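In what follows, a structure is listed as C-alpha cells, so that the remarks can point back to it.
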Amino acid sequence: MIDTKELREQMIKTAMELKYYRLISLCGGNVSVRLDDGNFLITPSGMEYDNMKPEDICKVNSKGEVIEGKWRASSDTLAILYIFENMPEMNAVIHTHQPYATAISLVEDEFPPCCVTQIDALRGKVSVAPFTISGDKGMGPLTCEYMENSFAVILKNHGVMAVGVDLKKCLYAAVYLEESAKTYCIARSMSNPVVPMSASDTKAEAKDISRWMNYHQG
C-alpha cells in the first residue's frame, strides 16, 4: 500500500466501522497497515477516532519508531510489528476489545465453528491465546502461534487480533467473528454445551476459499 491521504482516511473509516459494530469503545483498539516502502501506518495511542484526522495517523519504521506524525503510536505497536514481520502475506492488522468474542475466551480454549460467516471470513475455528497484559510485545508471538489457519485470534481476557490481505478483509474477519460469537453466546445461554458444525459441513463451506476472497465487488 502507498501512504496517501485516502489510505489514512480509510483507516479512520475502518476504526469508525469498528465502533459502529460495537467492537471498540472510545479510543480502544487500533488499526494498522503495511506500506510498500517497508514502513507502517498505525493509529495513535489514546485518541478517540471521532476526531481523528489523516495527519494524526502515525507512520513508524520496522523498529516501531515514529518517523512521521506528532503523536505516540499505539501502545501495541511492537506486538503488531511482530505480526507483520511473521505474516508477510498480511497487510492489515486490527486489534479490538469486542465483548462477545472476549466472553468466549473466559469459558473456552477455542471458538468452534458454528456459523457459515465464521467459516467464510475466518476459515473455521478461532483459537484463544493465553493472557498477556495490555501493550505487551508478547501479544505478537502469541497471535502468530495461535492463528493457525484462521484470520483472527481471541486474546484471553482482552480482545481480538484480526489480520487480512487488506483492510476490508481484516475488518470483515473482526466483524463476522463478533457476529458469530454473539450467536454462540446466545446459544450457550439456552443450551450447554453448544453443538458445533460438523467437520464435514465445515470442510464443505470452507472448501473454496477463493469464493470468499473474491466475494466483494470491485
- Note on the structure: To the nearest 0.05, the calculated FRET efficiency linking V66 and A103 through their beta-carbon distance, R0 being 41 Å, is 0.75
- Message: Can you give me the % of accessible surface on the chain that is carbon or sulfur? Probe 1.4 Å, all protein chains present, nothing else counted.
- Response: 51 percent
- Item | Prolate/oblate/rounded call for the range 89-138, Cα gyration tensor, a/c under 1.5 rounded | oblate
- Message: Taking the square root of 5 times each eigenvalue of the Cα gyration tensor, what semi-axes in Å does the equivalent ellipsoid of the range 75-204 have, largest first?
- Response: 24, 16, 12
- Query: So how far apart, in nm, are the two label points at K137 and A187 if each is 7 Å from Cα heading toward Cβ?
  - Reply: 4.0 nm
- Message: Check which residues have an amide H placed less than 5 Å from E68's amide H, if you skip close sequence neighbours.
- Response: K59
- Task: With θ set to phi - 60°, apply the Karplus curve 6.51 cos²θ - 1.76 cosθ + 1.60 along the range 26-35 and write out the HN-Hα couplings as whole Hz, x wherever there is a Gly or Pro.
- Result: 6, 10, x, x, 6, 10, 8, 9, 8, 9
- Message: Relative contact order for the range 51-167: what percent, with Cα pairs under 8 Å and sequence separation of 6 or more?
- Response: 29 percent
- Task: At 0.36 nm per residue, minus the direct Cα-Cα distance, what do E148 and Y21 gain on full extension? Give it in nm, one decimal, please.
- Result: 43.2 nm
- Task: Would you work out which of A103, N86, A174 lies farthest towards the positive end of the dipole of the chain, given +1 charges on the beta-carbon of Lys and Arg and -1 on that of Asp and Glu, about the Cα centre?
- Result: A103
- Item | Spatially proximal aspartates and glutamates relative to K13 (Cα-Cα < 13 Å; intrachain offsets below 8 disregarded) | E48, D50
- (1) 17.4; (2) 18.9; (3) 17.9, with the label sought being that of the calculated Kirkwood radius over Cα pairs in Å: (1)
- Item | Helix-only [θ]222 nm of the chain, DSSP H runs n ≥ 4, -39500 (n - 2.57) each, per residue, nearest 500 | -12000 deg cm²/dmol
- Task: Please give the residues of the range 1-25, grouped as numeric ranges, whose backbone N is less than 12 Å from a label point set 7 Å along the Cα-to-Cβ vector of D166.
- Result: 1-2
- Query: Over the chain, what is the mean sequence separation of C-alpha contacts under 8 Å (at least six apart), divided by residue count, expressed as relative contact order in percent?
  - Reply: 19 percent
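The values are calculated or read from the model by the stated rules, or taken from the named source; none is laboratory data. Because the structure is predicted, anything quoted here is derived from the model rather than measured. Quick reminder, even Gly has a Cβ in these numbers, built from the backbone with ideal geometry, and neighbours come from all protein chains shown. What goes into the accessible areas is simple: the full protein's heavy atoms, side chains included, and nothing from ligands, DNA or RNA. Shrake-Rupley method; radii C 1.70, N 1.55, O 1.52, S 1.80 Å.
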